[in-house]
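**Q** Quick one: the structure is below, and I'll ask about it shortly.
Read the figures in this text as sums done on the coordinates, not as results from a lab. Remember, predicted model here, so these are calculated numbers, not experimental data. All Cβ positions, even for glycine, are placed from backbone atoms using ideal geometry, and neighbour counts span all protein chains on display.
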Amino acid sequence: MALMKAVVYRKKAGLILEEIPAPEVDDDSVIVRVADTGFCGSDHSLIESGFLSDGTILGHETSGVVVATGKNVTTVHEGMKTIVRPTFCGKCRECLLGMTHLCGGARRSIGIGDLPGAFAEYIKIYPQMAIEVPAGVDSQNAALAEPFAAALHGIRVAGTKEGSVLVIGGGAIGLAAVKILGILGYKPIVLSEPVKEKRELGKKLGADFLLDPQLDNVITRGRELTGGIGFETILECSGVPDNISVALELAAKGGSVCMISIIFKSITITQPLNMNFKEIRFTGSYSNTHEENRICLQWMAEKKMDARSIISDTITLDELPFVYRERIQSGKAVKVMVAIGDEF
Ligand SMILES: [Zn+2]
Ligand SMILES: [Zn+2]
């Protein structure tokens, strides 16, 4: 049996590099040789939660090349460049409502779900999970289609089409949102982020105004920047519970607040009457659809965006356990890209 390198989560030791059996193709599956895999904020949360089972291989922001297909596989071919998203059944209530990413039937996924993830040299997936990478898109951009699609999905869930927007939090998703909001024509785009390097990246990606919540009064400045009206759209990407009240305070009448970050703690809404008096739509978004990934790949192919601009660290698989402790756990890295196999 062929062996491969993978970074495995161990209850006692955390992330460690191991040699494990490489996955083997069966009639219905596909084997992908991994090129690049991004380290996601949710990977960090899962490790810190203590709920992750021993032996888990994380990693879902990935790109690679198909190297083997089972005899029943017709839609995917060897040599195809691909990214990977979860399966969906197409028949359950959620799928029929167009929310295939929330499928309650047969959702299978790598890294976070039931299948081993892509901090490994090879992964086994099912054909429905493969989304072909168009010509002109490199493997690092392709691996980041997923977090950009997550930002696009949050904007779509917010349900607005244009106008002023406040992005709270300039981590990978907040920065991706800034870029996409620019492509979609929102203006002005305001980013609130305490870390200087992240604010500067936000500026490069198209933010019109930057706020530092440690120095600026975000509520006062937000009102000034919108002529007292407040923001049509607010995207919460910081994960800081208190920012929900800030968002509701700063939303315009009829405005929309979408929580893209996943907050595990209780939140207190200081002025619930904001929701009534301003008729705010307050919602949350989760994951993203195959279609949204295709849109992001297309923007990459058209050179409308280069997702590599959010990468702060490019490392090897061997370096991941160390870099996790030094750069990810401490929040120093924006986006760590793990270059695993042959890049394209
Ligand atoms: Zn992710
Ligand atoms: Zn379904």
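**Q** Between segment 271-344 and segment 100-138, what is the separation of their alpha carbon centroids in Å?
**A** 16
**Q** Measure off 7 Å from each Cα along the Cα-to-Cβ vector at A301 and T270, then give the distance between these two points in nanometres to one decimal.
**A** 4.8
**Q** Could the peptides 91-97, 165-171, 181-187, 122-128 be put in order, highest first, of the mean number of other beta-carbon atoms found within 10 Å of their residues?
**A** Those peptides, ordered most packed to least, come out 165-171, 122-128, 181-187, 91-97.
**Q** Let me ask another. Can you bin segment 182-225 into rounded, prolate or oblate? Criterion: square roots of the alpha carbon gyration tensor eigenvalues sorted a ≥ b ≥ c, rounded for a/c under 1.5, prolate for a/b above b/c, oblate for the rest.
**A** oblate
**Q** Here is a follow-up. Kirkwood Rh, segment 61-116, all Cα pairs: how many Å?
**A** 12.8
**Q** Mind sorting V25, V66 by how few other Cβ atoms lie within 10 Å of their own Cβ, fewest first?
**A** Placing the least packed residue first, the sequence is V25, V66.
**Q** Still on this structure, I have one more. Expressed as a rounded percentage, what relative contact order does segment 148-284 have, with Cα pairs under 8 Å and six or more residues apart?
**A** Relative contact order here is 25 percent.
**Q** Order these by the 10 Å Cβ neighbour count, fewest first: I310, I47.
**A** I47, I310
**Q** Moving to a separate point now. Determine the gain in length on full extension of the stretch R93-K12; use 0.36 nm per residue of separation and subtract their C-alpha separation, reporting nm with one decimal.
**A** Working it through step by step, the gained length comes to 25.1 nm.
**Q** Work out how much length K332 to D27 would gain on full extension: take 0.36 nm times their residue separation and subtract the Cα-Cα distance, in nm to one decimal.
**A** 105.5 nm
**Q** Let's test the formula: R0 of 51 Å, r as the Cβ-Cβ distance of D318 and T74. What FRET efficiency results, to the nearest 0.05?
**A** After rounding to 0.05, the efficiency reads 0.85.
**Q** Then there's this: Percent antiparallel among DSSP beta bridges with both residues in the chain, to the nearest 5?
**A** Roughly 55 percent of the DSSP beta bridges within the chain come out antiparallel.
**Q** Excluding residues on the same chain fewer than 8 positions from K203, give the lysines whose Cα lies under 19 Å from its Cα.
**A** Straight-line reach from K203, under 19 Å: K179, K187, K303, K304, K332, K335.
**Q** Please compute the contact order of the chain in relative form: average sequence separation of alpha-carbon pairs under 8 Å and at least six residues apart, divided by the residue count, as a percent.
**A** It rounds to 19 percent for the chain.
**Q** Ratio of alpha-carbon Rg to the 2.2 N^0.38 Å globular estimate for segment 148-284, to two decimals, please.
**A** Dividing the Cα Rg of segment 148-284 by 2.2 N^0.38 Å gives 0.92.
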